[in-house]
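> Quick one: this structure, given as structure tokens, is what I'll be asking you about.
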Amino acid sequence: MSDDAPVEGDEYSHTDGTTEIVYLTEDGRVLTLREYPSTNAFEDAVETAAYRGINEAVAALPGREEFLDTELPGDADEDDGPARNDAPEE
């Protein structure tokens, strides 16, 4: 491990195929998102963990479908006219 403190967006690949991304660091704690390569890998990882039920705050977040039609700047193939100029007006 490096001596650098984790920062938002740091991404790690584990030897078991999981990917872990730092989402938030606050008060010395680190919140991460972890993606498992399969349902079996997830089940193996949580086999000895204590199930705490459903986290209502996370369950209330919109599903990925809400973001599928979202176009970010630069994602569209069509020309939307001149590019935005971030230079201050004179």
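The values are calculated or read from the model by the stated rules, or taken from the named source; none is laboratory data. Keep in mind that this is a model prediction, so the values were computed, not measured. Backbone-built Cβ (ideal geometry, glycine too); neighbour counts: all protein chains shown.
> Condition first: of a type outside the set (D, E, K, R), part of a loop (DSSP other than H, G, I, E, B), at pLDDT 90 or above and under 19 Å from the mean Cα position of the chain (by Cα). Can you find one or more residues in region 58-79 that meet it?
Yes, region 58-79 contains at least one residue that is of a type outside the set (D, E, K, R), part of a loop (DSSP other than H, G, I, E, B), at pLDDT 90 or above and under 19 Å from the mean Cα position of the chain (by Cα).
> For region 14-54, what are the residues that are loosely packed, with under 10 Cβ neighbours inside 10 Å and assigned to a strand (DSSP E or B)?
GLU26, ARG29
> Exactly one condition in (1) at pLDDT 90 or above; (2) farther than 30 Å from SER13 by Cβ is false for ASP86; which is it?
(1)
> What number of residues within region 1-13 are assigned to a loop (DSSP other than H, G, I, E, B) and closer than 22 Å to GLU43 by Cα?
0
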